[in-house]
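Notes follow the structure.
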Amino acid sequence: MGFSLSAAAAIIGVSILLAIEMIVSTTVPTFTEVHDSYDKLRDRSIEQIQTDINITNVETYVNGSNYDHNITVENTGSVSLVTGKFDILINGTSYNFECSKAYLYPESEAYFNVTNLAGSESKKLKIVTNNGISDYYEYTIP
Amino acid sequence: MGFSLTGTHIIYFIASVIIAGAVSGVFYAVVGNVTNSFSERGDRVQDQLDIEFKIINDPGNIPTKGNDYLFYLKNIGRVEIPTSNETFYIFIDGEIVVTANYNFSDSSIQPEELTTLYVDNSEISTGNLILRVVGPYDIEDEFVFTIP
């Protein structure tokens, strides 16, 4: 009777140990990954708060019957920005562009060129940074 | 008499091992199911935290192409977002847009990239409107715009 009880206790004990091992091996990585995602979310939010740009000037040059637009953007925030991940909307439409710098550091300026754009009317420009912060600028092609 | 006592012990032993094994098996299976569910829930929470997107249009200048209005969705989260009319639901002024009337230019958006959402112009009237885009795991963004 005593031996039977010991055997049963041993089986249940081993089962409990295996279950604890399973719980620990599953929950620890899950908590770590969720915590990592929270960290990244917090970092993204802080970066967005610290990101700011200012479109300081737009110059246009005649290119055949169209115009090239040279846009000056200053980083007025405190985060370095990847210019290749910016988006430029002119009168609401997204255009491809070239930029003078790969990174736009705080207190620095970069030049964005949008070439061969039709129309000489007034333009409303919107530039969106890689993390979704934007600035507007209105100008008229003379 | 002695043999029957030993036999009784053997029967007790076998019965206790069988019962303990059954209890252990059920316990182990239940713990396994709970930990699997916990892990899957953790994955979902992780995805909810990692997915973030934003409609970046100029609210006064919504571009058109053919019969569609174009809306730009930028992935400002941490992971690639699958874009289809099965993973995204679109609402204009609270009314759901039928899946046949919108589509995306890409099947997914990488972090910091842009995709274009095409919405059929039959779904959009003039005036001030609210576009609500609901993506995977109910992550959503709202955008107020004007069609002159």
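Since every read-out is calculated from the coordinates, none of them should be taken as a lab result. Being a predicted model, the structure only gives us computed values, none of them experimental. Neighbour counts run over all protein chains shown; Cβ positions are idealised from the backbone, glycine included.
Okay, here's what the table says:
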| item | result |
| --- | --- |
| Förster-model FRET efficiency, 41 Å R0, A:Tyr38 and B:His9, C-beta, rounded to 0.05 | 0.10 |
| Cβ charges +1 (Lys, Arg) and -1 (Asp, Glu), total dipole of the stretch A:52-140, debye | 220 debye |
| Between 0 and 90°, nearest 10: helix B:2-50 axis offset from chain B longest Cα axis | 10 degrees |
| Equivalent-ellipsoid semi-axes of the stretch A:1-49, from the Cα gyration tensor, Å, largest first | 47, 5, 4 |
| Shape category assigned to the stretch A:52-94 from the gyration tensor of Cα positions, a/c cut at 1.5 | prolate |
| Cβ neighbours within 10 Å from other chains - mean over B:24-31 | 4 |
| Anisotropy class of chain B from Cα gyration tensor, a/c 1.5 cut | prolate |
| Peptide A:3-11 - average C-beta neighbours from other chains (10 Å radius) | 6 |
| Using alpha-carbon coordinates, inclination of helix A:2-50 to the longest axis of chain A, degrees | 10 degrees |
| Segments B:52-59, B:28-35 sorted - mean Cβ within 10 Å per residue, highest first | B:52-59, B:28-35 |
| Hits among lysines - C-alpha to C-alpha of A:Lys101 under 21 Å, sequence gap 8 or more where chains match | A:Lys85, A:Lys126 |
| Values of log10 I(q)/I(0), in the order q = 0.09, 0.11, 0.12, 0.14 Å⁻¹, for the protein assembly as shown under a Debye, Cα-only, solvent-free model | -0.59, -0.76, -0.86, -1.06 |
| Under 19 Å from the B:Asp120 label point (7 Å along Cα→beta-carbon), backbone N, the stretch B:67-87 | B:67-71, B:84-87 |
| Cross-link table A:Lys40/A:Lys124; A:Lys124/B:Lys65; A:Lys124/B:Lys74; A:Lys40/B:Lys65, entries beyond 26 Å C-alpha to C-alpha | A:Lys40/A:Lys124; A:Lys40/B:Lys65 |
| Taking A:Arg44, B:Arg44 and counting other C-beta atoms within 10 Å, the order from fewest to most | B:Arg44, A:Arg44 |
| Two-decimal log10 I(q)/I(0) for the stretch A:1-140, as the Debye equation yields it once each C-alpha is a single scatterer, q = 0.17 Å⁻¹ | -0.91 |
| Distance in nm between pseudo-label sites at B:Ile19 and B:Glu86 (7 Å out along the Cβ direction from Cα) | 5.1 nm |
| GluC sites (Glu not before Pro) restricted to the stretch B:92-148 and DSSP loop, no more than 13 other C-beta within 10 Å | none |
